[in-house]
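First comes the structure, then the notes that go with it.
Every number in this text was worked out from the coordinates using simple rules, so none of it is lab data. Just so we're clear, the structure is a prediction, and the values are computed from it rather than from any experiment. Every residue, glycine among them, receives a Cβ derived from its backbone with ideal geometry; neighbour counts consider all protein chains shown.
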Amino acid sequence: MKFSVDKHEKYVVLKLRESKFTNDNTPKLKSEFILLNAEGYHNIVLDLSAVKECNDSQDLSSLLVGDRLCKKANGLFIVTGINPELAKILEMSNLDQSLVIVSKLDEATDLIFMEEIEKELLGSVDKG
């Protein structure tokens with residue numbers, strides 16, 4: 001599976017560089033989620049803009065691994081770059097109900113920073 005990883009202070013962007021989302025490449029994606037989480041990344045943005053085809057909603061269920069890891073670490077897992085075909089599959093499998101999906105990468109980063117600011121504010125209120 002080809003992908004790029006762009007690490008930032010508060011989040012990491014994982015961009016798939018595959019046109020197909022299949023059960024051949026999803027185990028590597030799950031492993032990458034676990035690795036990034038172990039490195040301390042609690043906010044993961046998955047960019048699927050290169051993905052044009054997915055034949056099975058079971059393949060997309062690998063996204064739930066990333067979502068679970070981020071939630072457990074009190075972070076966000078955000079999916080962006082979804083084309084209409086993927087959107088249909090996510091909808092049919094109800095994954096669109098459990099995942100945070102935004103249309104553009106900058107929306108994802110804005111969401112992460114808003115969430116981080118909120119945590120800091122709530123943290124200072126709790127300590128006060």
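Listed values, structure above:
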item	result
D_trans [Stokes-Einstein, Kirkwood Rh over alpha-carbon pairs] for the chain, 37 °C, 0.692 mPa s, µm² s⁻¹	220
Nonlocal amide H pairs with residue 3, under 5 Å, H built at 1.01 Å	17
Pairs beyond 31 Å (Cα-Cα), from 20/119; 28/88; 15/72	20/119
Ranked by how many other beta carbons lie within 10 Å on average, peptides 78-91, 22-35 from highest	78-91, 22-35
For the stretch 56-125, alpha-carbon Rg relative to the globular expectation (2.2 N^0.38 Å, N residues)	1.24
Antiparallel DSSP beta bridges within the stretch 1-85, as percent of all bridges there, nearest 5	35
Computed helical MRE - 222 nm, the chain, DSSP H runs ≥ 4 contributing -39500 (n - 2.57), nearest 500	-14500 deg cm²/dmol
